[in-house]
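Readers should treat all values here as calculations from the given coordinates under stated rules, not as data from a laboratory. Quantities reported herein were computed from a predicted structural model and do not represent experimental measurements. Every residue, glycine as well, gets a Cβ built from its backbone with ideal geometry; the counts of neighbours run over all protein chains shown.
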Amino acid sequence: MEKMVNVYFFGKKYSVPADLTIMTAMEYAGYTLKRGCGCRHGFCGACATIYRIKGKNELKTGLACQTQVEEGMYVASIPYFPTDKRTYDIDE
Ligand code: FES
């Protein structure tokens, strides 16, 4: 049987397979990722995430597409990161 862990997305508890990343665990839990999701390979930085483990004070950061879920993980995403998205041509 697949090992499951309890994680918290935006304050709500979910039981997800232990071998998922934060991003795939959110999709497993039913979220449709419209923001904070880009390349899915650790390059773009769009999925910057902060989290902490239940019972520990340390606040950790990571990429949701690269960070594996852990038991008791509380997750929040960082909105609008990276913030400097060019919308004009550099030569103008
Ligand atoms: S989606 Fe691009 S770094 Fe995670």
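Annotations
- For segment 4-77, DSSP calls about 85 percent of its internal beta bridges antiparallel.
- Those lysines that a straight Cα-Cα span of less than 17 Å connects to Lys13, excepting residues fewer than 8 apart in one chain: Lys3, Lys54
- At full extension, Asn57 and Phe10 could sit 15.2 nm farther apart than now, given 0.36 nm per residue minus the alpha carbon distance.
- Ordered by the count of other Cβ atoms within 10 Å of each Cβ, fewest first, Thr32, Thr49 give Thr32, Thr49.
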